[in-house]
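In what follows, a single structure is set out as structure tokens and then discussed.
The values are calculated or read from the model by the stated rules, or taken from the named source; none is laboratory data. Given the structure is predicted, the values throughout are model-derived calculations rather than measurements. Using ideal geometry, Cβ is built from the backbone for each residue, glycine included, and neighbour counts are taken over all protein chains shown. Surface areas here come from the heavy atoms of the whole protein model, side chains and all, with no ligands, DNA or RNA. Shrake-Rupley method; radii C 1.70, N 1.55, O 1.52, S 1.80 Å.
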Amino acid sequence: MATGADVRDILELGGTDNDGPISKKDLINSDKKKSKKATETLTFKRPEGMHREVYALLYSDKKDAPPLLPSDTTQGYRTVKAKLGCKKVRPWKWMPFTNPARKDGAIFHHWRRMAEEGKDYPFARFNKTVQVPVYSEQEYQMHLHDDGWTKGETDHLFDLCKRFDLRFVVIHDRYDYQQYRKRSIEDLKERYYNICGKLTKVRAASGTEPKIYIFDAGHERRRKEQLEKLFNRTPEQVAEEEYLIQELRKIENRKKEREKKAQDLQKLIKAADTTTELRRAEKRVSKKKLPQKRDAEKPAVPETAGIKFPDFKSAGVTLRSQRMKLPSSVGQKKIKAIEQILAEQGVDLNPMPTEEIVQMFNELRSDLVLLYELKQAHGNCEYEQQMLRHRYEALLKAGSGAGTTSSTPAVEAQSWPNIDDIKLEPKEQIIDVVGAPLTPNSRKRRESASSSSSVKKAKKP
């Protein structure tokens with residue numbers, strides 16, 4: 001028999017002090033109590049795309065703010081208690097102290113432990129000073145004498161170097177220009193380091209080569225002049241310099257592209273020559289051999305051809321038609337060009353795969369790819385040649401327009417050669433400076449250029 005507590009547990013009703021019989025109000029108000037309990041335990045949902053760790057930094061169960069400093073997690077979630085020992089507290093005392101870095105004898109006061117009374121100031125070890133060399137009267141007269149510097153001015157320079165720890169900007173500002181002549185920072189540095197080098201060389205032991213720091217005052221002056229010119233540039237000069245740098249990069253990129261195209265063209269020519277030579281040698285060998293051995297020994301397609309077909313030498317059964325399948329390295333444009341040429345010539349795209357047909361069909365498609373690449377390279381060369389010719393014509397017009405104001409037509413006719421007499425230089429020797437590099441639409445431009453040239457030829461008588 002179920003009691004009232006069991007029914008409340010099933011209906012998820014809160015327990016009361018009197019677990020008596022269930023009334024009608026308890027059953028009616030059960031939904032309200034559930035909704036009230038759900039609203040109390042409502043939490044924010046993690047947004048989509050946010051990691052759990054990032055959301056945990058923003059919100060916790062109690063909606064606390066994220067910690068600003070790393071805390072000690074060895075205690076877990078327990079409250080950290082103060083660690084109080086049984087020892088006595090060390091006494092502190094308000095005591096005076098002096099700083100060894102100051103030479104005016106100033107006395108200051110601070111709190112310090114009683115055990116450290118009488119010890120030196122702990123921060124005095126950070127007072128690092130530069131060791132400025134000291135010279136005698138005899139050393140100055142024998143080794144350090146200079147016509148442009150007097151001994152009093154040299155002593156004044158070394159006194160300032162010792163006071164300001166070789167901060168030459170401050171030394172230049174504190175220099176006594178009323179008593180001595182005006183000097184630049186480079187002059188002060190040059191005089192100081194020259195004296196240091198001479199004293200190091202004089203005081204070094206015999207048979208040793210000391211390391212001497214040499215200050216190049218001329219280089220320092222030129223460097224500062226360049227920096228001043230760089231700082232005083234106008235916005236127009238900055239824009240012009242950026243434009244020139246961009247043009248230089250374009251010229252270098254075009255030169256690299258030309259060199260790469262020339263190398264690719266050379267490889268294609270070599271591939272065509274080697275392929276024809278190998279096939280001629282193959283025909284000579286096949287004529288000398290008997291017909292029984294001709295089928296047994298067939299030379300493979302050379303690797304220098306346009307397409308390298310895979311060799312099925314692995315164990316297992318393979319179909320001969322698989323050898324006619326084009327490899328994945330051949331692009332879609334080349335595949336479409338091969339199919340178009342084969343369709344124009346009336347060749348079946350999928351012939352009967354006998355041994356001889358497979359080999360001949362693969363060689364034919366390889367030659368078609370090589371022909372396609374050679375035509376593409378030839379078209380690029382023709383397009384570049386025509387661009388250079390147009391550019392040369394524009395330069396001739398610009399030069400003839402500028403020369404009419406200062407020369408006679410007879411002189412102009414002698415100075416400027418005819419366009420037809422110009423021999424264009426090889427592609428490797430031409431560096432494009434103004435023209436733009438070839439774009440993906442270069443094929444359309446080449447076709448339009450070739451059509452315009454054919455129209456010009458047709459118009460000529």
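Looking only at residues of region 320-367 that are within 41 Å of the chain's Cα centre (by Cα) and among the charged types (D, E, K, R), we find that the one that is least open to solvent (accessible area, probe 1.4 Å) is Lys334.
Condition check: under 19 Å from Pro133 (Cα atoms) and either in contact with a Leu (Cβ under 8 Å, 6 or more places away or on another chain) or loosely packed, with under 13 Cβ neighbours inside 10 Å (or both). Does Arg203 satisfy that? When the stated conditions are applied, Arg203 passes them. Pairs linking a residue in region 100-126 that is outside any helix (DSSP H, G or I) to a residue that is small (Gly, Ala, Ser) and open to solvent by less than 100 Å² (accessible area, probe 1.4 Å), with Cβ atoms under 9 Å and 6 or more positions apart or on different chains, are Pro100/Ala124; Ala101/Ala124; Tyr121/Ala101. In region 143-155 there is no residue that is more than 52 Å from the chain's Cα centre (by Cα), assigned to a loop (DSSP other than H, G, I, E, B) and crowded, with 17+ Cβ neighbours inside 10 Å.
Give me a count of the residues in region 228-249 that are over 26 Å from the mean Cα position of the chain (by Cα) and open to solvent by less than 100 Å² (accessible area, probe 1.4 Å). I'd like the intermediate steps shown before the answer.
As a first pass, look at region 228-249 and keep what is over 26 Å from the mean Cα position of the chain (by Cα): 228-229, 231-237.
Add one more test, that the residue is open to solvent by less than 100 Å² (accessible area, probe 1.4 Å), and what stays is 232-234, 237.
Within region 228-249, residues that are over 26 Å from the mean Cα position of the chain (by Cα) and open to solvent by less than 100 Å² (accessible area, probe 1.4 Å) number 4.
Restricting attention to region 57-102 and to residues that are at pLDDT below 75 and of a type in the set (Gly, Ala, Ser), the residue that is surrounded by the fewest Cβ atoms within 10 Å (Cβ to Cβ) turns out to be Ala82. None of Arg52, Arg46 is among the charged types (D, E, K, R), at pLDDT below 85 and touching a Phe, Trp or Tyr at 6+ places or on another chain (Cβ under 8 Å) except Arg46.
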